[in-house]
1. What lysines sit close enough to residue 73 to cross-link, taking a C-alpha to C-alpha distance under 29 Å and skipping anything fewer than 8 places away on the same chain?
2. Among 33, 73, which comes first, second and so on when ranked by fewest other beta-carbon atoms within 10 Å?
3. Using a Förster distance of 35 angstrom, determine the FRET efficiency expected from the C-beta separation of residue 69 and residue 187, and round it to 0.05.
4. So in the stretch 19-204, what percent of DSSP beta bridges are antiparallel if you round to the nearest 5?
5. List the chymotrypsin sites (Phe, Trp or Tyr not before Pro) within the stretch 30-81 that fall in a DSSP loop (any state other than H, G, I, E or B) and whose Cβ has at most 15 other Cβ atoms within 10 Å.
6. For 101, 132, what's the fewest-to-most ordering of other Cβ within 10 Å of each Cβ?
7. Taking K and R as +1 and D and E as -1, what net charge do the other residues with C-beta under 9 Å from the C-beta of residue 95 add up to?
8. In a shell of Cβ-Cβ distance under 10 Å around residue 86, excluding residue 86 itself, what net charge do Lys and Arg (+1) and Asp and Glu (-1) give?
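Read the figures in this text as sums done on the coordinates, not as results from a lab. The structure presented is a predicted model; accordingly, all values stated were derived computationally and were not measured. In this analysis, Cβ positions are derived from the backbone assuming ideal geometry, glycine residues included, and neighbour counts consider all displayed protein chains.
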Amino acid sequence: MSDSSEYGGGGADGALERRGIMLVISSPSGAGKSTIARNLLAAEGRLALSVSVTTRARRGSEIDGTHYRFISKREFERMRDSDALLEWAEVHGNFYASPRDAAETALREGRDVLFDIDWQGGLQLVEKARADVVSIFILPPSMEELKARLLRRAEDSPDTIERRLANAAVEIPHWRDYDYVVINDDLDRAFSQVRAILHAERLRRDRRPGLFDFEETLLN
C-alpha cells in the first residue's frame, strides 16, 4: 500500500519544489533487485519505473511494456544512434537500454524514476547525471543462495544459470562504484533499507530548490 504521507503527501514539506531522483538498483541476476523494485513501486506514490527496452526474448511471466519493452536489434540500434537512450549495455548476449524522454520529463516535474539495471548502465547514468543519481547495489548473502534462487525461479536453462553465476563473479566487485550497498539475506529487511535510502535522499537540501522560497516565507 502506498504511503505517500512520508514524503510529499501534505504539509509544508510536501509543497516544496524539488527535482526528482534517478534511483538506480543493480545486482547480479537472482540477488533480488527486481523483487525489491516491484515492492518499492507498490509502496511509493511518486516513483515510476523506467521501463527498459531489451532485445532478449520475453519470458513467460513477463508483460511487454510493463516489465520491459521487447524490441528488435535493429530498433535498438536506431534508438542508440539517435541519442534516444540514457544508457545501454550488452548483458548475457542481449542489449538493454533506458529511454531518455520519459525519465527527463519526470525529473523536471519532481517525480522519481526507478532504474532496475545492471552495473554497466548504472555507471553510464552516473557519468551523465551524477547529481540526479542515487545508486544502490544489492548483494546476495552467498553464492550458494544465489544459485538456489536462480534454480527456484525456474525460468532459465541450466546453461543460462551457469552463465549468470559466472557473470556474477564479474558483477559483484562493482558494489564499490555505488552509493549504497544492501545485502539481501532477508527480503523484508532489504526492502526497508532501500526505502529508507530513498526517503533520506529526497530530503537532501541540494535536491530541494523550494527551500529558498520557504525560507523567505518563514522570515517574512
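1. The qualifying lysines are 33, 128.
2. 73, 33
3. E between residue 69 and residue 187, to the nearest 0.05, is 0.85.
4. If I count the DSSP bridges inside the stretch 19-204, around 30 percent turn out antiparallel.
5. Answer by residue number: there is no such site.
6. Listing 101, 132 from fewest to most nearby Cβ atoms yields 101, 132.
7. Residues close to residue 95 contribute a combined charge of +1.
8. -2
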